[in-house]
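Colleague: Please see the structure below; I have some questions.
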Amino acid sequence: MSLIKKPSELAIPSTVKMMIYGQAGMGKSTLALSAPKPLLLDFDNGVKRINMSNLEGVDIVQITAWQDVQQVLQEDLSAYQTIIVDTVGKMMDFIISFKCGTRQPSIRDWGGINQEFTWLTRTVSSFNKNVIFVAHRDTRKEGDDTVFIPALREKSYNAIVTELDVLGY
């Protein structure tokens, strides 16, 4: 059998893993909530800033520890088509606390920290669900230019972005 395929013969996933990032108050969370049948994992208590009319039909998990995420991903999520992580930066803080306690992460810790993030994205993907990460905007100098990037710790940026299908500013 030939390995060469026509586009119509490919098995293309119908779900998407994406990140939306931008300035505070620009509507990132509201845009994410417009995805089909969302479940909001609220890591930074940002739900209080969302207009109540945009929360109609949305279920919310207010995360207080990484163990909350581990628990909710073991529940029956068949009613949802999209899992929203708001914000990914705060989510990474919860992972760091889970892996390191109150100490700052060392170089040795970053593999395990990034592994937890990969576990989350792969687990949600195995449920055949969309996943949308919401992030704040940060800036970085590239020569004379200032570029806008998601506000993530540099050590986790590549591990996160390489798991995505779409990155939108």
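The values are calculated or read from the model by the stated rules, or taken from the named source; none is laboratory data. Model, not experiment: these values are computed from the prediction. Note: ideal-geometry Cβ built from the backbone for every residue, glycine included; neighbour counts use all protein chains shown. Ligands, DNA and RNA are stripped out before the accessible areas are found, and what is left, the full protein with its side chains, is counted by its heavy atoms. Shrake-Rupley method; radii C 1.70, N 1.55, O 1.52, S 1.80 Å.
Colleague: Among LEU152, LEU55, LEU33, which one shows the biggest mean-square fluctuation in a GNM of the chain, springs joining Cα atoms closer than 10 Å?
Modeller: Result for the chain, Cα springs under 10 Å: LEU55 fluctuates most.
Colleague: Which residue, SER29, SER78, SER53, tops the fluctuation ranking in a GNM of the chain built on C-alpha contacts under 10 Å?
Modeller: SER53
Colleague: Counting only protein heavy atoms, what percent of the accessible surface of the chain is carbon or sulfur at a 1.4 Å probe?
Modeller: Using a 1.4 Å probe with all protein chains present, the chain comes out at 50 percent carbon and sulfur.
Colleague: Next question. Classify the range 35-102: rounded, prolate or oblate, from the alpha-carbon gyration tensor (a ≥ b ≥ c, eigenvalue square roots; a/c under 1.5 rounded; otherwise prolate if a/b is larger than b/c)?
Modeller: oblate
Colleague: In addition: How much of the DSSP bridge set in the range 14-169 is antiparallel, in percent, rounded to the nearest 5?
Modeller: DSSP beta bridges in the range 14-169 are roughly 20 percent antiparallel.
Colleague: Sticking with this one: Select from GLY57, VAL72, GLY25 the residue farthest towards the positive end of the dipole of the range 16-128; place +1 on Cβ of Lys and Arg, -1 on Cβ of Asp and Glu, and compute about the Cα centre.
Modeller: It is GLY25.
Colleague: Let me have the relative contact order for the chain, percent, based on Cα pairs under 8 Å that are six or more residues apart.
Modeller: Reported as a whole number, the value is 34 percent.
Colleague: Still on this structure, please answer the following. Using the heavy atoms of the protein chains and a 1.4 angstrom probe, tell me the accessible area per residue for the range 1-142 in square angstrom.
Modeller: In whole numbers, the range 1-142 has 58 Å² accessible per residue.
Colleague: Okay, moving on. Who wins for biggest fluctuation among ILE96, ILE113, ILE60 in a Gaussian network model of the chain, springs between alpha carbons below 10 Å?
Modeller: Maximum fluctuation in the GNM of the chain, among the listed residues, is at ILE60.
Colleague: Still on this model: So for the range 62-150, averaging the separation of alpha carbon pairs under 8 Å that are six or more residues apart and normalising by length, what relative contact order in percent results?
Modeller: Result for the range 62-150 is 33 percent.
Colleague: Using a 1.4 angstrom probe on the protein heavy atoms only, line up LYS99, LYS37 by accessible area, largest first.
Modeller: In descending accessible area the options line up as LYS37, LYS99.
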